[in-house]
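Asks: Here it is, the structure in full.
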Amino acid sequence: MLTHAPYAKPIAAVTGCLVLAAALTACGGSSAASDEKIVTVYSADGLKGEAGDGWYDKVFKDFEKQTGIEVKYVEGGSGEMVQRAAREKNNTQADVLVTLPPFIQQADSKGLLQAYTPKGADMVGGIDKADNGRWISVVNNYFGFVHNRKELKTPPTTWEELLDPAYKDRIQYSTPGVAGDGTAVLIKAMHDFGGKEPAMEYLKKLQANNVGPSSSTSKLAPKVDKGEILVANGDVQMNFAQSRSMPNLAIWFPAKRGGKPTTFALPYAAGLVSGAPHTDNGKKLLDFMLGEQAQREVSSVGGGFSVRKDVRATDANALALTRLMEGVEVFEPDWADIDKNLPAYVDAWKTATGS
């Protein structure tokens, strides 16, 4: 998830220790660090459970037990994590970087990632990994929205419905260019409305009902569940997992009036950081996350979709996720265009909304 602050809010490591910036500096950047039983992960939010019941919680615990390598975890927005890694390029602290598109492509273009092919990568489809071997998806996911099922007797189905004055100050979406899911709002709007200009025209109108920018996508769902706001952006994996403790949360996919609901794949993609202080440990963690056991738990524990073609999940979550996606048109964004033109798209959004 996300923040505008120069540094991401550190959170507890799986072992219970607090990950502080100073501690990260102490454990990285030296030749001795390569011998440490530590691996540091910079990640977008969504895979770690607030109650310690997320996919990361299970995978990191199992990894530590099997290898004796302690996982240090730092969470923030996708864009924020890339920016942080870029600032630290001359004194690298992270070993593994996990972000949503287009930020994993951005990290690669900035020279922040090194090539590594994890075990099991041959079971991952070509669209879910980089041709140059510098990143690979570890959890498949789709962009979506949430609404409050209790307060909205007639839930919205289209973008246009969100312009109704009844939604004034009851809608919020995370910040494009900072949050992966916030950036996804722009991508989906440009697809559904047929281009940048009509999308920005719509988002300008939506601003009348928008509470304002949010640096954290994950913090929006609790506000929707409590009825503080009625609609927010998110993604299927994160919101499905949150719904276990948020009974009023319902996932939906806006359609343009007269059209079909749409979405696109928004996977959590991981890469080995260039110059990582614990490169070997980073490789071991990537291998572990792509292992069959961890991938089988993507749905049952994490509420997401496995990236391995040979993993056929049949648990209750997997079946519910399949039903959720029925009738939703999945399109493929032009990630090369988005990587190249994202600053221009974000600037256009800022101009349109006055943000």
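Asks: Do any strands (runs of 3 or more DSSP E) lying entirely in region 200-299 carry at least 3 residues that are touching a helix residue (DSSP H, G or I) at 6+ places or on another chain (Cβ under 8 Å) and modelled with pLDDT of 95 or more, and which ones are they?
Replies: Hits in region 200-299: 231-235, 262-264, 268-273.
Asks: Also, I was wondering about something else. For LYS284, all conditions in the list (1) assigned by TED's automatic domain parsing to the domain that holds GLN105; (2) at positive phi hold save one; what is the number of the exception?
Replies: Only one criterion is unmet by LYS284, namely (2).
This table checks each residue for (1) closer than 22 Å to LYS188 by Cα; (2) surrounded by fewer than 17 Cβ atoms within 10 Å (Cβ to Cβ).
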position	(1), (2)
ALA269	yes, no
LEU272	no, no
LYS283	no, no
PHE288	no, no
PHE305	yes, no
ALA318	no, no
PHE331	yes, yes
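Asks: Which ones in region 58-78 are in contact (Cβ under 8 Å) with a residue 60 or more places away in the chain and either under 19 Å from VAL139 (Cβ atoms) or among the aromatic types (Phe, Trp, Tyr) (or both)?
Replies: Of everything in region 58-78, those that are in contact (Cβ under 8 Å) with a residue 60 or more places away in the chain and either under 19 Å from VAL139 (Cβ atoms) or among the aromatic types (Phe, Trp, Tyr) (or both) turn out to be LYS58, VAL59, ASP62, PHE63, VAL71, TYR73, VAL74, GLU75, GLY76, GLY77, SER78.
Asks: Pairs under 6 Å by beta carbon, first residue farther than 17 Å from LEU186 by Cβ in region 203-228, partner buried (at least 16 other Cβ atoms within 10 Å of the Cβ) and of a type in the set (D, E, K, R), six or more apart or different chains?
Replies: SER218/ASP45
Listed here are the residues, each with its yes/no results for (1) assigned by TED's automatic domain parsing to the domain that holds LYS119; (2) over 18 Å from GLY234 (Cα atoms); (3) not small (Gly, Ala, Ser).
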position	(1), (2), (3)
SER300	yes, yes, no
GLY304	yes, no, no
ASP339	no, yes, yes
ASP347	no, yes, yes
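Asks: Checking ASP181 against (1) at pLDDT below 95; (2) out of contact with any strand residue (DSSP E or B) (no Cβ under 6 Å at 6 or more places or on another chain); (3) assigned to a helix (DSSP H, G or I): exactly one of these is not met. Which one?
Replies: Failed condition: (2).
Asks: Inspect all residues belonging to region 123-137 and state whether any of them is in a helix (DSSP H, G or I) and either surrounded by 15 or more Cβ atoms within 10 Å (Cβ to Cβ) or not assigned by TED's automatic domain parsing to the domain that holds LYS89 (or both).
Replies: Yes, region 123-137 has at least one match.
Asks: I'm checking my understanding of the structure. Among residues of region 320-329 that are outside any loop (DSSP other than H, G, I, E, B) and out of contact with any helix residue (DSSP H, G or I) (no Cβ under 9 Å at 6 or more places or on another chain), which one is surrounded by the fewest Cβ atoms within 10 Å (Cβ to Cβ)?
Replies: ARG323
Asks: Here's a check for you: in region 103-120, which residue that is part of a helix (DSSP H, G or I) and polar (S, T, N, Q) is surrounded by the fewest Cβ atoms within 10 Å (Cβ to Cβ)?
Replies: Among those that are part of a helix (DSSP H, G or I) and polar (S, T, N, Q), it is SER109.
Asks: Only one residue in GLU201, GLU151, GLU228, GLU160 is farther than 18 Å from ILE251 by Cα and not aliphatic (A, V, I, L, M). Which one?
Replies: Being farther than 18 Å from ILE251 by Cα and not aliphatic (A, V, I, L, M) holds for just one of GLU201, GLU151, GLU228, GLU160, which is GLU201.
Asks: Quick check, is ALA250 of a type outside the set (Asp, Glu) and surrounded by 23 or more Cβ atoms within 10 Å (Cβ to Cβ)?
Replies: So ALA250 does not fit the description; no.
Asks: Closer than 19 Å to VAL124 by Cα and more than 18 Å from the chain's Cα centre (by Cα): is that true of GLY354 in this structure?
Replies: no
Asks: Now, a different point. Would you call THR314 hydroxyl-bearing (Ser, Thr, Tyr), modelled with pLDDT of 95 or more and either more than 26 Å from LYS260 (Cα to Cα) or surrounded by 14 or more Cβ atoms within 10 Å (Cβ to Cβ) (or both)?
Replies: no
Asks: Any residue that is crowded, with 17+ Cβ neighbours inside 10 Å and without any contact (Cβ under 8 Å) to a residue 60 or more places away in the chain - is there at least one of those in region 142-154?
Replies: no
Asks: Do you know which residues across region 27-67 are among the aliphatic types (A, V, I, L, M) and either out of contact with any His (no Cβ under 9 Å at 6 or more places or on another chain) or at pLDDT below 95 (or both)?
Replies: ALA32, ALA33, VAL41, ALA44, LEU47, ALA51, VAL59 - these are the residues of region 27-67 that are among the aliphatic types (A, V, I, L, M) and either out of contact with any His (no Cβ under 9 Å at 6 or more places or on another chain) or at pLDDT below 95 (or both).
The values are calculated or read from the model by the stated rules, or taken from the named source; none is laboratory data. Remember, it's a predicted structure, so these values are computed and weren't measured experimentally. Ideal geometry is used to build each Cβ from the backbone, glycine not excepted, and the neighbour counts take in all protein chains shown.
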